[in-house]
1. Considering only region 13-70, give the strands (runs of 3 or more DSSP E) lying wholly within it that have at least 3 residues that are at pLDDT 95 or above and surrounded by 12 or more Cβ atoms within 10 Å (Cβ to Cβ).
2. How many of the residues in region 12-70 are on the phi > 0 side of the Ramachandran plot and touching a residue at least 12 places away in the same chain (Cβ under 8 Å)?
């Protein structure tokens, strides 16, 4: 798919429902995935505690969240 995810750390929150990927640049990942027409669940936002994240649904309905430490 060419989204540059090969070097990300993976955390499984609930395998049947959601996956979280920890990336260095949340906004760049968001732009690349959004450009494919993926269903956006949450645009990038800053969170308390110093993280920034965004979320999409995959074709099977699983939530994919991309998180950046700040």
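The values are calculated or read from the model by the stated rules, or taken from the named source; none is laboratory data. Keep in mind the model is a prediction, meaning the values are calculated, not measured. Glycine gets a Cβ as well: all are built from the backbone with ideal geometry, and neighbour counts include every protein chain shown.
1. 39-47, 51-57, 63-69
2. 1
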